[in-house]
Amino acid sequence: RHIYPTEPSVQIGEIDEGLYSRQLYVVGHEAMRRMGAASVLIAGLRGLGVEIAKNVILCGVKSVTVQDEGQTVWADLSSQFFLKEQNLGQNRATCSLQQLSALNPHVLVSAHTGPLSEDLLLQFQVVVLTDSSLDDQKRFGEFCHSHGIKFIVADTKGLCGQLFCDFGEEFTVLDRDGEMPMSAMIQSITKENPGVVFCVDEQKHGFSDGTKVVFSEVQGMTELNSVGPVEIKAHGPYSFSIGDTSAFSEYERGGVVTEVKQPFVVKFKPLSDALLDLELLKMNDYGKVSRHHTLHLAFQALHNFVKKEQRLPRPWSESDADALLDTVRELNAVAQLEQLDEAAVRNLSYTAQGDLAPMNAVIGGFAAHEIVKACSGKFTPLQQWLYFDALECLPEEEHQLTDGLGTRYDGQIAVFGSAFQEKLERQKYFLVGAGAIGCELLKNFALIGLGAGEEGQITVTDMDFIERSNLNRQFLFRSQDIGKPKSEIAAKAAREMNPQMQITAHQNRLDPDSEGVYDYNFFMGLDGAAAALDNVEARVYLDGLCVKHQKALLEGGTLGSKGHTLVVVPHLTESYGQDKSSSKNAFPLCTLKNFPHRIEHTLQWARDQFEGLFKQTPENVNLFLSDAGFVERTLAHGDAEALEVLGGVWSSLTDLNGGGQRPTSWEDCVSWARCKWETLYNNDICQLLHCFPPDQVTSTGLPFWSGSKRCPHPLTFDPNNQLLCMVKSTGSRGKRDSTREILKNIRVPSFTPKSSVKIHLTDKEMQEDKEKQSGDAGKCFVQLYYSLLVIIKRVIYCLCVFAPEKAKLEELKAKLASPSLKVSAKQMYPIDFEKDDDTNFHMDYVVAASNLRAENYDIPAADRHQSKGIAGRIIPAIATTTAAVAGLMCLELYKLVQGHKKISSYRTAYVNLAVQYFVMSQPSRPLQFKVSYGSAAVLQPFLLTTRACFYVCKNPKEFRATVAQSEEDKTKKTKTKKIATHDVTFKVKI
């Protein structure tokens, strides 16, 4: 049975960039094309199988066939999100087919309800087995290995998961990690054997021994520009050697060195052989090395148990656990493990009948990413076993468990019991964000029953609306939902998965403006919060609210194949903390304005041009027309800024005949654009070269234009050159032809560089001059008294620079004060930059402006896709990582709801699915402080600016600082006080 795509508007073989835009920044176009030719078989469609299928379909392979002979039972509803109660007794694959097909119109989805066969497997490039026997794994694994079919086994049993990959005798990896090739600018190159390359000290080169690189734009030692990839040896963060350069010409200046990624071949063993090789186990929690080795044997023993008993071990059955442990010991007689984690074996037996949505999300995300690798050759595949467990989710103390009651939560009750299920249903949680992670969290919340009781409640807020690019990974949305609020549609989808969900949707931004909604009473009614946000500022704000009200916080984020999770437990773990990102990653203004050397610089410059021309200036015009005090406030910002702002306002309100720039016809628009082009790409460059000629040298005798400073050249306008012609007509061909005729007749004003213009070399120099401009020439005699020569120089500078600006400002003030100006003025419509709408030409402008700027400085141009990612500040995203991160967050949720008190029970996770990098570590404790006070008679709480609450006692003692306390402690009658402190070391005085 097949359900065919209903939507595609792109041609066969083309990539739907509107749908896959965020994923393309993870895998790239070539990998997407290879994926688009791959057919995948997924056997088993319980919770894990449907999770893998969902992720792979969203990623965009050619076709997916889901195979399952089984019928829906109550336990399936614990994690199979496309099954409902009315599907009980029906085939799982056929019941899920329609919803799976709706995930991606470009993927052909079909169901197979018969048994697996070798003839069936031959139709696919990738075969995935879930919920399968070890005999089937060996049989079909051997068949796939010998026929060049990529083979994956994925399984979850309760709180333990298993993943295995076999991509054949030889599998070529085209890109190890998916990262952009590293590059660095060259400062100098020695002429010796081996030659040593020194890079500019603005940024570390990032290369390691064995990296292969190519050179370009090297002047003097030009032989390097034509040499193929060269293997390097790193000497330090800013230098490396490249071999014999003694026969080359002398190095003069310039040059860029760029990494060349090399493909490599990976060999795999078939499953039968890999079972015996413990070296193939990939660690993910280095505190559990012996446990992972033990689980390798325990899963084999579990298969033997099922084969013998025709069932899984009963929940919390001691006799079944003893039998499983005996089998593991027998297997270890061959494996010879030094240490067996017998407790892990028992816990696996106790919980093997469990089917948990968060575990399936984690293993399902990992497995789907391996499928992406198998189909595309992108990223480093798993070699070859991975075991993952979250046994620390089990209760810390003895507990009473009950059997399943024939409910949708039976798969979860088998692990945690019915009392815990009732507690889950009473929870009240606040979810901030209904995007990719938010959708995955809501799916998990619905499946585990969080807030699904009469006393429970989930509140979700997101102020965004659904866009087409969201559909690739925010799987609760469909094409008919585009334009609707994310939170409402996500809440509706969660209720469809679990009709018992108590969920309320808001469209509020979480910031100080919404404190009237999310106030003290709101937070005190919560059990916790979850952050599914895409920016650090919002995370910090939510973290602050949770710290203030002493509420637990689940936090997670992704960046392409990378992901992280953090759990914040009041009084036990550290909080997310203040925003540590600063302007250190921002580009210096002087670099953007005069000395760009990377395409990122020209793209940011183009974005700034867009904002200035189409947003800031129109906003200033509207303020001028509506606010009588606008001019005076602008003058207070300094002469240079006032001249730029007020000049822009006047020219926007005055037509071309009056000396301004306001167009009154299409011809005027073309003329404005043509003159703007001349200013940006010719005149400004000529002025820069006038101030700093190409042969300029520094005070040390070195070339000024060297290192990170690229010497520019002005461009000459050519209306026949597509790149150079920024005027973009949306009309007919006749209109475009008429535009060319207009361009021929435009008289561009001549330009002569001025010697009085000062170009700043650093942002510090720019700021100093800005501060000088706040005064006048007379102040120089008071402030600068070091020597007569200094005074004369400063006065001359003020007269040459400040006086003309003062005169221009006075002239502008007079023009703007004219009553006739406002009478004829019209409101302007500021434009907000929108990268995803291809009909608005915003990206067309930015790409053209950036590449023209790059042409000025001989910087390699960027295509539209690359430019969109950089200028639009797009966060790369893929469904596989999102699913895994949400699953890891919900495993921590289990611990929070149970009220785990031991910090060793919790996990902070860092993963990079591209290279199989997993680090699960214990969270950090909150900061601790020593505070003593000798005369206080009572215990008093204090709130410190460090957000650490601690107590001051009569006798000097050491106290622990816990990251939690409200601005006004409403839970205690004692009065709180605010006192200023240093970050770590401070004194308290009363």
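The values are calculated or read from the model by the stated rules, or taken from the named source; none is laboratory data. Just so you know, these numbers come straight off a predicted model, no measurement behind them. Quick reminder, even Gly has a Cβ in these numbers, built from the backbone with ideal geometry, and neighbours come from all protein chains shown. Keep in mind that these areas ignore ligands, DNA and RNA; they rest on the heavy atoms of the full protein, side chains included. Shrake-Rupley method; radii C 1.70, N 1.55, O 1.52, S 1.80 Å.
Please enumerate the residues belonging to the stretch 866-890 that are small (Gly, Ala, Ser) and in a helix (DSSP H, G or I). If the condition is that a residue be small (Gly, Ala, Ser) and in a helix (DSSP H, G or I), then SER867, GLY869, ALA871, ALA879, ALA883, ALA884, ALA886, GLY887 are the ones that fit.
Please tell me if VAL697 is out of contact with any Phe, Trp or Tyr (no Cβ under 9 Å at 6 or more places or on another chain) and either over 26 Å from LYS815 (Cβ atoms) or surrounded by 18 or more Cβ atoms within 10 Å (Cβ to Cβ) (or both). The answer is no for VAL697. Screening the candidates GLU641, GLU574, GLU619, GLU632 for the property of being outside the structural domain of GLU834 (by the TED database), open to solvent by 30 Å² or more (accessible area, probe 1.4 Å) and either farther than 21 Å from GLY872 by Cα or not in a helix (DSSP H, G or I) (or both) yields one hit, GLU574. Within the stretch 146-178, the residues that satisfy the criterion of being over 23 Å from GLY49 (Cβ atoms) and among the acidic types (Asp, Glu) are GLU169, GLU170, ASP175, ASP177.
Restricting SER349, SER376, SER418 to those that are more than 35 Å from the chain's Cα centre (by Cα), small (Gly, Ala, Ser), open to solvent by less than 20 Å² (accessible area, probe 1.4 Å) and at negative phi reduces the list to SER349. In the set HIS112, HIS145, only one residue is open to solvent by less than 50 Å² (accessible area, probe 1.4 Å) and either of a type outside the set (A, V, I, L, M) or free of Cβ contacts under 8 Å to residues at least 12 places away in the same chain (or both); that residue is HIS145. The residue that is farthest from the chain's Cα centre (by Cα), counting only those in the stretch 656-672 that are at pLDDT below 85 and surrounded by 15 or more Cβ atoms within 10 Å (Cβ to Cβ), is LEU656. Applying the condition of being open to solvent by less than 60 Å² (accessible area, probe 1.4 Å) and not in a helix (DSSP H, G or I) to the stretch 331-345 and asking which residue is farthest from SER317 (Cα to Cα) yields LEU337. Here VAL109, VAL56 are screened, and the one residue that is within 30 Å of ALA490 (Cβ to Cβ), among the β-branched types (Val, Ile, Thr) and in a helix (DSSP H, G or I) is VAL56. Apart from one condition, ALA37 fits all of (1) of a type in the set (A, V, I, L, M, F, W, C); (2) open to solvent by 10 Å² or more (accessible area, probe 1.4 Å); (3) within 21 Å of the chain's Cα centre (by Cα); the exception is (3).
Which ones in the stretch 187-201 are of a type outside the set (D, E, K, R), under 30 Å from the mean Cα position of the chain (by Cα) and either surrounded by fewer than 17 Cβ atoms within 10 Å (Cβ to Cβ) or assigned by the TED database to the domain that holds ILE371 (or both)? Answer for the stretch 187-201, where residues must be of a type outside the set (D, E, K, R), under 30 Å from the mean Cα position of the chain (by Cα) and either surrounded by fewer than 17 Cβ atoms within 10 Å (Cβ to Cβ) or assigned by the TED database to the domain that holds ILE371 (or both): there is none.
Residue count for the stretch 837-854 satisfying the condition of being buried (at least 18 other Cβ atoms within 10 Å of the Cβ) and of a type in the set (D, E, K, R): 1. Selection of the stretch 301-330 for residues being open to solvent by 30 Å² or more (accessible area, probe 1.4 Å), of a type in the set (S, T, N, Q), touching a helix residue (DSSP H, G or I) at 6+ places or on another chain (Cβ under 9 Å) and closer than 24 Å to ALA75 by Cα yields only ASN304. Of the strands (runs of 3 or more DSSP E) lying entirely inside the stretch 124-243, not one carries at least 2 residues that are on the phi > 0 side of the Ramachandran plot. Filtering THR258, THR245 for residues that are under 29 Å from THR172 (Cα atoms), surrounded by 14 or more Cβ atoms within 10 Å (Cβ to Cβ) and hydroxyl-bearing (Ser, Thr, Tyr) leaves a single hit, THR258.
In the set ARG598, ARG607, only one residue is open to solvent by 50 Å² or more (accessible area, probe 1.4 Å) and touching a residue at least 40 places away in the same chain (Cβ under 8 Å); that residue is ARG598. Restricted to the stretch 55-85, and to residues there that are of a type in the set (S, T, N, Q) and within 29 Å of ASN470 (Cβ to Cβ), the residue that is nearest to the chain's Cα centre (by Cα) is ASN55. When you check GLY377 against the structure, is it in contact with a Pro (Cβ under 9 Å, 6 or more places away or on another chain) and in the same structural domain as ARG33 (by the TED database), yes or no? So GLY377 fits the description; yes. Evaluation of VAL127 against the conditions (1) within 27 Å of GLY354 (Cβ to Cβ); (2) of a type in the set (Val, Ile, Thr); (3) surrounded by fewer than 18 Cβ atoms within 10 Å (Cβ to Cβ) shows that the sole unmet condition is (3). Here LEU391 meets the list (1) in contact (Cβ under 8 Å) with a residue 40 or more places away in the chain; (2) of a type outside the set (Gly, Ala, Ser); (3) buried (at least 23 other Cβ atoms within 10 Å of the Cβ) almost entirely, failing just condition (3).
Listed by position, the helices (runs of 4 or more DSSP H) inside the stretch 399-489 whose residues that are touching an Asp or Glu at 6+ places or on another chain (Cβ under 9 Å) number at least 3 are 410-416, 436-448.
Taking the conditions (1) under 29 Å from LEU48 (Cβ atoms); (2) acidic (Asp, Glu); (3) in contact with a helix residue (DSSP H, G or I) (Cβ under 6 Å, 6 or more places away or on another chain) in turn, GLU496 satisfies each one other than (3).
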